[in-house]
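For reference, the structure is listed below as structure tokens.
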Amino acid sequence: MAMMMLATLGCRAQQTKVCLETSMGDITIELFDDTPIHRDNFIKLVEEHFYDSLLFHRVISDFMIQAGDPTSRHAEADASLGDGDTNYTLEAEFRVPQHYHRRGAVAMAREGDRENPERRSSGCQFYIVWGRTFSPLGLEKVQERLDTMTGGQTKITEEMSETYRLYGGTPHLDGQYTVFGQVTEGLDVVDRIQQVETNEEDRPLNDVRILRATVVKNQ
């Protein structure tokens, strides 16, 4: 499966993708055409070099790695990060079951439901899923939670269930955060990042930085 591909020395052009050259290796992300608001916004920011030099400021083992806070570019080692954003948010584009929080999924962060009942996405902060594997019973419990959180609108299909059982992810986020891409190369880099040592605020003790982000198109 594409999500299990390992990193190569560079980023290959196949479809519209973004290459994140990080201090721990390259990560290639395929952007989904059926989430055009998020796709086009991400491309715009990459082309403006918005993500260059930003940190993965929030890393939680067996969960996800998050980046995109513009204040992280020149942050002090002990600075609290995560509040930086653009001056706009993005309309949610939930596409379950086509796109869901399997390992390697790329989604936008957002404010909580109380402040953000429409579940609009951050204009710039994104995360890459690592997660864990789930048993059938575990997925039943997740489905009960999803029924409550999404009013019964988000269902874990057989295909999704098999992926979560065999490869892992974060199914409790489905239907609530917009998934707009998938890692196609560099999942091993994501794995290394999600294992780094962090402080009590989930910031890596040693900075993990996006050195450069570039759009890779068909050639």
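So, Tyr100, is that one within 23 Å of Asp34 (Cβ to Cβ), part of a strand (DSSP E or B) and either modelled with pLDDT of 95 or more or among the aliphatic types (A, V, I, L, M) (or both) or not?
On the way: within 23 Å of Asp34 (Cβ to Cβ): yes; part of a strand (DSSP E or B): no; either modelled with pLDDT of 95 or more or among the aliphatic types (A, V, I, L, M) (or both): yes.
Considered against the rule, which asks whether it is within 23 Å of Asp34 (Cβ to Cβ), part of a strand (DSSP E or B) and either modelled with pLDDT of 95 or more or among the aliphatic types (A, V, I, L, M) (or both), Tyr100 comes out as no.
In segment 68-97, which residue that is of a type in the set (Ser, Thr, Tyr) and at pLDDT 95 or above is surrounded by the most Cβ atoms within 10 Å (Cβ to Cβ)?
Narrowing segment 68-97 to residues of a type in the set (Ser, Thr, Tyr): 71-72, 80, 86, 88-89.
In the following step, the residues that additionally are at pLDDT 95 or above were identified as 71-72, 86, 88-89.
Details: Thr71: 16, Ser72: 23, Thr86: 15, Tyr88: 10, Thr89: 17.
Only one residue tops the list, namely Ser72.
Taking Ile65 as meeting all but one of (1) assigned to a loop (DSSP other than H, G, I, E, B); (2) open to solvent by less than 10 Å² (accessible area, probe 1.4 Å), write down the number of the exception.
The one condition Ile65 does not meet is (1).
Just to be sure I understand the filter: pairs with C-beta atoms under 8 Å, separated by 6 or more residues or on different chains, first member in segment 21-38 and under 18 Å from His99 (Cβ atoms) and in a loop (DSSP other than H, G, I, E, B), second member charged (D, E, K, R) and open to solvent by less than 40 Å² (accessible area, probe 1.4 Å). Which pairs pass?
Asp34/Glu93; Thr35/Glu93
Being of a type in the set (Gly, Ala, Ser) and farther than 22 Å from Val215 by Cα is the requirement here; does Ala75 meet it?
Values: of a type in the set (Gly, Ala, Ser): yes; farther than 22 Å from Val215 by Cα: yes.
Considered against the rule, which asks whether it is of a type in the set (Gly, Ala, Ser) and farther than 22 Å from Val215 by Cα, Ala75 comes out as yes.
Take segment 47-80 and flag every residue that is of a type in the set (A, V, I, L, M, F, W, C) and more than 17 Å from the chain's Cα centre (by Cα).
Narrowing segment 47-80 to residues of a type in the set (A, V, I, L, M, F, W, C): 50, 54-56, 59-60, 63-65, 67, 75, 77, 79.
Correct list: Ala75, Ala77, Ala79.
Of (1) touching a residue at least 60 places away in the same chain (Cβ under 8 Å); (2) open to solvent by 70 Å² or more (accessible area, probe 1.4 Å); (3) among the basic types (Lys, Arg); (4) not in a strand (DSSP E or B), Arg114 satisfies all except one. Which?
(1)
Tell me, yes or no, whether segment 96-107 has at least one residue that is among the hydrophobic types (A, V, I, L, M, F, W, C) and over 19 Å from Arg58 (Cβ atoms).
If we filter segment 96-107 for residues that are among the hydrophobic types (A, V, I, L, M, F, W, C), which is where we start, we get 96, 105-107.
Right, trim to over 19 Å from Arg58 (Cβ atoms) and you get 96.
Yes, segment 96-107 contains at least one residue that is among the hydrophobic types (A, V, I, L, M, F, W, C) and over 19 Å from Arg58 (Cβ atoms).
Identify, please: which residue in segment 117-129 is part of a loop (DSSP other than H, G, I, E, B) and touching a residue at least 40 places away in the same chain (Cβ under 8 Å) and is, among those, farthest from Leu20 (Cα to Cα)? Talk me through it step by step, then tell me what you get.
Just the residues of segment 117-129 that are part of a loop (DSSP other than H, G, I, E, B), to begin with: 117-120, 123-125.
Still in the list and also touching a residue at least 40 places away in the same chain (Cβ under 8 Å): 119, 123-125.
Working: Arg119: 26, Gly123: 18, Cys124: 14, Gln125: 14 Å.
Across segment 117-129, the extreme among qualifying residues is Arg119.
Would it be correct to say that Phe50 is under 17 Å from Val183 (Cβ atoms) and either without any contact (Cβ under 8 Å) to a residue 24 or more places away in the chain or open to solvent by 20 Å² or more (accessible area, probe 1.4 Å) (or both)? Before you say what the answer is, go through the steps one by one.
Working: under 17 Å from Val183 (Cβ atoms): no; either without any contact (Cβ under 8 Å) to a residue 24 or more places away in the chain or open to solvent by 20 Å² or more (accessible area, probe 1.4 Å) (or both): yes.
Considered against the rule, which asks whether it is under 17 Å from Val183 (Cβ atoms) and either without any contact (Cβ under 8 Å) to a residue 24 or more places away in the chain or open to solvent by 20 Å² or more (accessible area, probe 1.4 Å) (or both), Phe50 comes out as no.
The values are calculated or read from the model by the stated rules, or taken from the named source; none is laboratory data. Every value quoted in this text rests on a predicted model; they were computed, and no experiment measured them. Here Cβ is always computed from backbone atoms with ideal geometry, including for glycine, and neighbour counts include all displayed protein chains. Just so you know, the surface numbers come from the protein's heavy atoms only, side chains and all, with ligands and any DNA or RNA stripped out. Shrake-Rupley method; radii C 1.70, N 1.55, O 1.52, S 1.80 Å.
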